[in-house]
Every structure is written in C-alpha cells, then in structure tokens.
1. Can you give the FRET efficiency to the nearest 0.05 for LYS45 and ILE70, using r as the Cβ-Cβ distance and R₀ = 22 Å?
2. Rounded, prolate or oblate, given the Cα gyration tensor of the stretch 135-190, with a/c below 1.5 counting as rounded?
3. Heavy atoms only, probe 1.4 Å: what % of the accessible area of the stretch 47-114 goes to carbon and sulfur, would you let me know?
4. Just tell me which lysines come within less than 27 Å, Cα to Cα, of LYS214; anything on the same chain fewer than 8 places away is out.
5. If packing is taken as the average count of other Cβ atoms within 10 Å, what order do 214-221, 62-69, 195-202, 237-244 fall into, highest mean first?
6. Please report how far the C-alpha centroid of the stretch 186-237 lies from that of the stretch 58-120, rounded to the nearest whole angstrom.
7. Report the gain in length on full extension from LYS81 to THR172: 0.36 nm times residue separation, minus Cα-Cα distance, nm rounded to one decimal.
8. Any idea of LYS185's accessible area? Nearest 10 Å², probe 1.4 Å.
Amino acid sequence: MKRSPGVRTCALAVGGALSLALITGCSGGSSTDTSGTAREASTVKALSTAELKQRILAQGEVDGYKVNAIGKAAPTRSTVKSSDDKCRPLAYVLTGLAPADPASEIGRTVREDKKDPTDHATSLDDMADGKFESALKDSLNLDVTSLDLSSYDGDGAQQALRALSTALESCTKGFTGGAAGDEQKVTKVTPAKASGSGDESIAFTATTDMDGDKGPLHAEVVRYGNTVATYFTMNIGAMMTNKPYTVPPAVIKAQSTKLK
C-alpha cells in the first residue's frame, strides 16, 4: 500500500466504512429445528434500546481500550448504498451497522488506548530525517472498532446472519458501497477465522481500493439468541505499513461476557 498523504486523508475520511471480506461461520447447537422450537422462536421479542444500552460495552469494561458513544454524524441505515443489492448486508457491516434491519439498535466506538510516543519530531530537521513520518504512522497504528448491538423479534437474528452469509457467497469479487458520499470500491471478499463466540459467528476481510491504494478491513458478526453484535475494525497505521491486524479478540470477549 502506498504511503502518501492522500492515502492518509482518504482513509481517515472513510473512518468506519468500507473494505470487505468473506466469512467463516461457526454455529452452536443442533441444525435441526422442531416445530415446537420454531413456534417458541416466533414469540421471542426483541430487547428495547434501553435494554441494549445496559448490555453494550461501556468505558472501563475492556482493558486497553476507550469506549465512546457513536456521534450524531455516524451513518444511518437509510444512507447506506450498494452497487449490488445482494451485497447490501456487507455494506451495512462495513459502515458499522448490523447486517439486517433490527427492531432496536445501539452503537459504540471502541478505540485502542495507545500511549503517546516519548520521541516527538520537534524541528524541520527531524521531519527531513523521516522521524515525523515515522511518528505519524506509529500514532495511527491503533485498532478502531465500530461496535453495534442489535436485537430482533422472532428468528430475525438468525435471518440476519443468513443474509450476511448469502451476501458473502455472492460478493466475493467485490462491489462498491457504503454511506452516501463515502462509497468505496471493494475488490474482493475473503474468509477469516471467526472467534466462535455466541450461538454462531461470521468473520470476514474485505479489500478496498482507494485511488490505487489497497488495504484490508476486518469484521465479525456474532449472534447471541436474538441479539447480534457487529464488529468492524480499521487500523490505518497497519494499512499504511502493510502490517496484519484483526478485530481485537479482547473487545469480542468483553462484549460476549455481557451477553451470556
């Protein structure tokens, strides 16, 4: 990936929105459902937004990360675009939203709490020496995760993951999508190993092309009964230096603990 200022600007502007991948699904329990179980599922009611607020990660609940509420400028579901309607669940996830329309939904930003470097560039000589660029890349080398907690009536949560699985199978060669005005070109979707949390989980990596600069975005969607946790992680510093990263396992584990 090229390390130009233009790439930095574009990636920062994209923030929580697009680079795709494929899936690995991990399901718990039996794949066979009885009519009684199906009737029981149809009567399940979604949690309210207030109930989700009690269950979503809060500041101080995951070591090494800062948890903040999503700002008003965050994309809404109605603004998400996709060049192929089959890929829309992917576009939702890559903008930090659940893969399908829920009855209730709430979001947080989980940012790695990285300590400031002790060696600062303090002069033009330092900049010319490459120290400034190195310090910039290091400061951007942190995981920023959009966490979305959603809840569904009946078997809506299972249907949401089913829709995501179908989209991943249909969109392996990519698509263009995201929040209106910030659409990105996704060139491919590839499988990733899911955490295995919850009743079922799907993980994927999407590769985006930003003016010729390609980089990966990572996501995982986990179902806990009729509640779905969606994680979308971007690390601009890692993308600039071609270093691997993923959805932070500590974040998934901390959120999973609150949903058990």
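The values are calculated or read from the model by the stated rules, or taken from the named source; none is laboratory data. Predicted model, so just to flag it, every value in this text is computed and none were measured. A quick note on method: Cβ atoms are made from the backbone with ideal geometry, for glycine too, and the neighbour counts reach across all protein chains shown. Ligands, DNA and RNA are stripped out before the accessible areas are found, and what is left, the full protein with its side chains, is counted by its heavy atoms. Shrake-Rupley method; radii C 1.70, N 1.55, O 1.52, S 1.80 Å.
1. Details: r = 25 Å, r/R0 = 1.12.
Efficiency, rounded to the nearest 0.05: 0.35.
2. Details: a/c = 2.36, a/b = 1.49, b/c = 1.59.
The shape class here is oblate.
3. On the way: 1630 of 3550 Å².
Heavy-atom surface of the stretch 47-114 belonging to carbon and sulfur, 1.4 Å probe: 46 percent.
4. LYS2, LYS81, LYS86, LYS114, LYS131, LYS137, LYS173, LYS185, LYS188, LYS193, LYS243
5. Details: 214-221: 24.8, 62-69: 15.0, 195-202: 21.2, 237-244: 16.5.
So the order, starting with the most tightly packed, is 214-221, 195-202, 237-244, 62-69.
6. Centre-to-centre distance over Cα atoms comes out at 12 Å.
7. On the way: separation 91, 0.36 × 91 = 32.76 nm, distance 1.77 nm.
Extra length available between LYS81 and THR172 comes to 31.0 nm.
8. The accessible area of LYS185 comes to roughly 110 Å².
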